[in-house]
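The values are calculated or read from the model by the stated rules, or taken from the named source; none is laboratory data. Everything quoted here is computed from the prediction, not taken from an experiment. Counting neighbours? That spans all protein chains shown, and the Cβs are built from the backbone with ideal geometry, glycine included.
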Amino acid sequence: MFHSPAKLRALSLAATLALAAVLAGCKSPASAPDPQPHTREFTDALNRRIAVSHPPQRIISLAPNLTEMLFALGLDAQIVGVTSYCDYPPAAQSKVKVGDTLQPDLERLIALSPDLVLVSTSSQLESLARRLGELSIPVYVTDPRTVREVASSLLALGELTDSTETANTLAAEMERRIKAVEARVEGLARPRVLYALQTEPLITIGRRTFLNDLISLAGGESVSASETADYPQFSRETVIARAPEVIVAQRLHGSSAVSEESLRRIFAETPAARSGRIALVDPDLVNRPGPRITDGLEEMARALHPESNLEQRRQ
């Protein structure tokens, strides 16, 4: 069939347009532009409303427990700065350091251009949070006071960082392990416990700390549970009067080891020392309100109730 030149050009143009339409329809979804972050408001532990670019892409953590949470949520790539005390997981040690927990380097922190800074009130950084807020750098503060509130903090960070699915899985596993400890120690006698954060001077724990809750969940009763201060100082005479049946201390405090021998000597007149009930626990597990707190709970339960055979229950 014969077509005029004009008709041939028209047919060619139509074919070209049709082919372009087919190719456009077959375009891979991966080639679509990534959705741009948008601003969302969140409420932190100090009941502050903060606006965050969501999901945040440049996060600085100013506490070891928060750094552990971020890594547990799979946010390694988003972490641009941590403190010099953030040593777990090992990958945290390769991150840029912004000073220590109590005195971060503000200039270095600002130079990293974070779109979110995470702070723990246990680090006493409320004033820094206000200073960064004045610079329009959003600061989210956490303050878990019980073991279950640690899991709640993890869920809140999951929402804050668009990692809710991972956070839900981790929190559910934490709750499963908490319930397993509760079930294992249920009905057992609850020994009186002295938790010694340090010995010279003796610093212990108050009723509003997650460590007090940790001891309670593990089947014990802290001899300092009535104290209103978070970390009260006790005299040797006070400890002897409260007659702890178990003394628990951390294996390391700063650079000095807390030896079992010194604890026996200092508290020789307590039921704990007389019966040899002195236990040293891993401070990174029991002192950090992070995702490993359930490891710390299980270690504490074994220290208070070796008869519970908790380790075998986990296997």
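Quick notes on this one:
- Scanning region 241-266 for residues that are at pLDDT below 95 and either buried (at least 18 other Cβ atoms within 10 Å of the Cβ) or among the aliphatic types (A, V, I, L, M) (or both) gives A249, Q250, L252, A257, V258, L263, I266.
- Condition met for R313 (closer than 28 Å to L155 by Cβ, part of a loop (DSSP other than H, G, I, E, B) and modelled with pLDDT under 95): no
- Among residues of region 260-285, those that are assigned to a helix (DSSP H, G or I) and more than 30 Å from L66 (Cβ to Cβ), counted: 12
- Total residues in region 139-160 satisfying the condition of being touching a Pro at 6+ places or on another chain (Cβ under 6 Å) and farther than 29 Å from A218 by Cβ: the figure is 0.
- Being part of a strand (DSSP E or B) and closer than 24 Å to D143 by Cβ is a property that V181 lacks.
- Taking region 67-123 as the range and being touching a helix residue (DSSP H, G or I) at 6+ places or on another chain (Cβ under 6 Å), surrounded by fewer than 14 Cβ atoms within 10 Å (Cβ to Cβ) and at pLDDT below 95 as the test, no residue passes.
- Within region 115-124, not a single residue is free of Cβ contacts under 8 Å to residues at least 12 places away in the same chain and farther than 26 Å from Y231 by Cβ.
- No other residue among E227, E237, E159 is among the acidic types (D, E), assigned by TED's automatic domain parsing to the domain that holds P271 and part of a helix (DSSP H, G or I) apart from E237.
- Residues being over 20 Å from the mean Cα position of the chain (by Cα) and basic (K, R) - total across region 33-82: 2
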